[in-house]
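The values are calculated or read from the model by the stated rules, or taken from the named source; none is laboratory data. For clarity, every value in this text was computed on a predicted model and none was experimentally measured. So basically every Cβ, Gly included, is an ideal-geometry build from the backbone, and we count neighbours across all protein chains shown.
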Amino acid sequence: MLAVRGLTKQFGATLAVAGVDLDVAAGESVGLVGPNGAGKTTLFNCVFGQVRPDAGTVELDGHDIGRLPTWRRARLGIGRTYQRLEVFPELAVRDHLVVALRVHHRGARLWRDLLGLGAPTREELAEVDSVLDAVGLSDRADVPVAALGLGACRLVELARAVVTKPRLLLADEPSSGLDEHETGELARLLRSLQLARGMGMLLVEHDLAMVEAVVDRVVVMDLGRVVASGSFHEVMGARAVRRAYLGAP
Amino acid sequence: MEQLLGFAVPGVPYGCAYAVFAVGLVLTYQTTGVFNVGYGAQAYVSAFVFAWLVEDHAWPVWAAFVCAVVIVGPGLGLALDRFLFRRIPSSNTTAKIVTGLSLLVGIPALLPVVFGNQNLVGAPSIVFNPDTVYFHLGADVPVNGIYLSAVLLTVVMLVVLVLLLRTTRLGLEMRAAVESPRLLELEGVNARRVTATAWAVCGLMAGLAGVLLAPTEVTVQAQDYVTLMVAAIAAAAIAALRSMPVAAVVAVLIGVVSLTAQGYLPTSSFWYSAALPAFPFLVLVGALLFVPGLRHLDEAKDPLSSVDPPPPPPAARARRREVDRLVRTGFFVLLFAFVASMLTWMPPTWETVMNQGMAYSVVFLSVTLLTGTAGQLSLAQATLAGIAAFTAGQLAHHLGLDFLLGGALGAVAASLVAGLLAIASLRLRGLGLALMTLAAALLFDVAIFPAQAVSGGTGGITLKPGWLPLNLFAPNGHAYFLVVLLVLVLCTGGVALVQRGTVGRFLTAMRGSELGAAGVGVNLPWQRVLAFTLSGALAGMGGALLAIQQTVIAPGEFNYQLSLAFVVIVVTTGVGTVEGAIQAGIGLVVVQQLMQYAPQRLQGLTFVLFALGALAYAAHPEGIVELEKRRWTERAERVLTRRRRAPATPAVTGRP
Ligand SMILES: Nc1ncnc2c1ncn2[C@@H]1O[C@H](COP(=O)(O)OP(=O)(O)O)[C@@H](O)[C@H]1O
Ligand SMILES: [Mg+2]
């Protein structure tokens, strides 16, 4: 479904992403691991159009999406969470999901707002509430996100990303800043959401236990390149990976 | 050649004045992370104190210099850091710009009130005597002390600062404190102290610039400071806020090119009257559109900030239902009483005041929508109001069109201009966008509004009774009141509906996080253009109403200063809600009217009051009126809760 070919991005003297090829099949969960600065977030940014790559192509279902702006890519069915939170602090939790759903709704028109018809429909609210239920945020649905802690904010981002039923979810270090228990919960939640919705998923994660629990296949990056790929256990045994992580020769 | 020199050389002191400030802007940005347009105000304070001590108190020049430059300058810088900028989260661009602007607007207006009127032209010169001609360039281009002081100051300041930043440990630490205070702390350096030092250094430089430039007559009047700052901003922008030498060279060129062109162009031509004064603004527009670094000016760079939770909530929104009902009933009672009073016993003076306040409120709703909801800072709202007023005036003048209808068409024109402005600046955000709108406002001020075809020249357009169907002008005819009331109610309702509807959610999302909003599929460019267009229409409607009220539409009426004041006033009272706009409008005119009864000396203080109020914005982004309202409702809630002995239920669960 997602096909990345020869993706390259350079920042000044740093080659953040150096000719990466990557595929994610429909409904497949792929882990993307690698040390800090390996270029994982930059890869996400390029795939999602938030950074313009210097070279390479990004295709979704065979269509080149490499020149589309981010919002068009999102409407084509890519959802994303961020390593640095990108929530809307003054909106309530529920409104985050409403915004995401309304984007796809033809009723999102100024004149409808002016006639007082801008409220979300009953189906939309039901959809929103079922997702909030799934991530366990129902009790805080009306709280402005600014009043929530980091863990809840990560859940809000996740809920906001999946409520539109994307075909591909890009999750960037969803567990960073969470404790061990929260991370375990999040891993279970991610896997069940991914399976239930049949989403393709690309997960960047440092917590290897979580990666093992959530993904079908692992890709390892170091210094902007893919250095290994395969099943979790194959990859963790590979020398290149040990070198990237541990500095072993 | 001789002639060229004769025209170009007088441009040098201007260029140097721009350069000193441009370098100061780059310095402040590099060492504190703040694009401080209040830098001009800081310089003005030192210049003012210096002249005041020497002239009114007969201090020796050296003592006044030490006091104004070495004590007041850094002291003011430290105070700005301690009480203002330190409190603003680095990501809150609007707060940073508004704070800088209110310093720029407020301080020069405040000082003459505090110290009595002061003529800085007579300020003594420190280094060279301004009137002595030291030598001639070529055959007969005299070079006097003004030129020498300006050049010497610029060169010395540039060299010292470049050395400071590039070669000293302090310079390195200051830049690091901007990049990532936390990384610096990991190195065992107190980042706060480094930032405070940076502010003191910037204050010292601003003070030096102010005192040394004061006698050169280039920079003395308070109102000159903004134009000066714009030229400086243009130069700093071309240097992408990075290189001080580039900024200095560009600034000098702006001064020299302006004055050379002024010498050659025939004084009666369009180029002389319109294009020339607009030159620095055009340079700024060009820089904003074409210098790549400026698009990402205020993106947070700190690699360690990813673990930050979002800032704490500004205010719990949920109110108890009883309080809500009480507030709503109270509102309608008040509204009814107000309308009844306006139609019966209100004295004409106060009816006029209230009418004006309501017309302002319509304009202010444009700020509510654009800044409060969409998070876009525009410094051209008064310009948009003016566009509608002049359009209506010209339509009435040439076609005999009814002024109300013309006003509506004018609002359409204003919304188109706003939309075009938004489209032109789609790549800019935050600071860049604010500067772009400021440049647009200044362009209209100097090049478009004064044109004969727009405003009928300096006299402006005087409204004729035949242009309006009703006898709207009569102070107690009430017709004007009813028209303004109707427009205000419709606009208030419209903005409130938009805020509550889908578009409002999209705009609030965009304000919260552009990445996040685009990431769920919100078409940001379109939302931005939409917000600007709507806000242009609101500003235009308000502008047309203000024009009816003032009966003369003068070219200087809708200037950039008014735009700055608008933003500052609305932000002070409360930019998040439609009530905020109405409170701001009424508050402004009531304060203005009350000032009429105050001693002569205090009359310039209206804008100062609001400007200083805006400084509270740093601590309370919801605005002071909103803050007080929240405090009062909380008090009311407590009383109600106690009476009913019900267990208190906190509206919002705090962070664990
Ligand atoms: N906007 C940027 N400007 C300059 N350098 C960047 C930028 N974004 C990332 N980098 C650099 O690119 C490299 C890869 O970063 P990143 O993609 O964030 O890595 P990861 O997510 O794997 O930790 C790092 O060296 C980082 O410093
Ligand atoms: Mg990363």
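A few notes on this one:
- None of A:GLY198, A:GLY224, A:GLY149, A:GLY184 is under 25 Å from A:LYS9 (Cα atoms) and small (Gly, Ala, Ser) except A:GLY224.
- Condition check for A:ASP61 on (1) of a type outside the set (Gly, Ala, Ser); (2) over 14 Å from B:GLY519 (Cβ atoms); (3) within 16 Å of ligand 1 (Cβ to nearest atom): one failure, at (3).
- Counted residues, segment A:154-205 - those being at positive phi and away from ligand 2 (no atom under 16 Å from the Cβ): 2
- In the condition set (1) within 14 Å of chain B (Cβ to nearest Cβ); (2) surrounded by fewer than 23 Cβ atoms within 10 Å (Cβ to Cβ), A:LEU168 is compliant with all but (2).
- Residues in segment A:142-193 that are farther than 23 Å from A:LEU125 by Cα and in contact with a His (Cβ under 8 Å, 6 or more places away or on another chain): 3 in all.
- Pick from segment A:128-151, criterion in contact (Cβ under 8 Å) with a residue 40 or more places away in the chain and part of a helix (DSSP H, G or I), ranking: surrounded by the fewest Cβ atoms within 10 Å (Cβ to Cβ): A:LEU150
- Selected residue (criterion: farthest from ligand 2 (Cβ to nearest atom)) from residues of segment A:43-64 that are in contact (Cβ under 8 Å) with a residue 60 or more places away in the chain and buried (at least 17 other Cβ atoms within 10 Å of the Cβ): A:LEU60
- Residue within segment A:77-95 that is out of contact with any helix residue (DSSP H, G or I) (no Cβ under 9 Å at 6 or more places or on another chain), within 7 Å of chain B (Cβ to nearest Cβ) and not in a strand (DSSP E or B) present: no
- Set side by side, the residues A:ALA74, A:ALA3 differ, and just one is more than 16 Å from ligand 2 (Cβ to nearest atom) and part of a helix (DSSP H, G or I), which is A:ALA74.
- Criterion: within 13 Å of ligand 2 (Cβ to nearest atom) and assigned to a strand (DSSP E or B) - qualifying residue of A:ALA38, A:ALA16: A:ALA16
- Residue in segment A:154-174 that is touching a strand residue (DSSP E or B) at 6+ places or on another chain (Cβ under 8 Å), small (Gly, Ala, Ser) and in a strand (DSSP E or B) present: yes
- Verdict on A:ARG67 being surrounded by fewer than 20 Cβ atoms within 10 Å (Cβ to Cβ) and more than 16 Å from ligand 2 (Cβ to nearest atom): yes
- Criterion violated by A:ALA141 - all others in (1) modelled with pLDDT under 90; (2) more than 8 Å from chain B (Cβ to nearest Cβ) satisfied: (1)
- Taking segment B:28-117 as the region of interest, the helices (runs of 4 or more DSSP H) fully inside it that hold 1 or more residues being of a type in the set (Val, Ile, Thr) are B:39-51, B:61-65, B:93-115.
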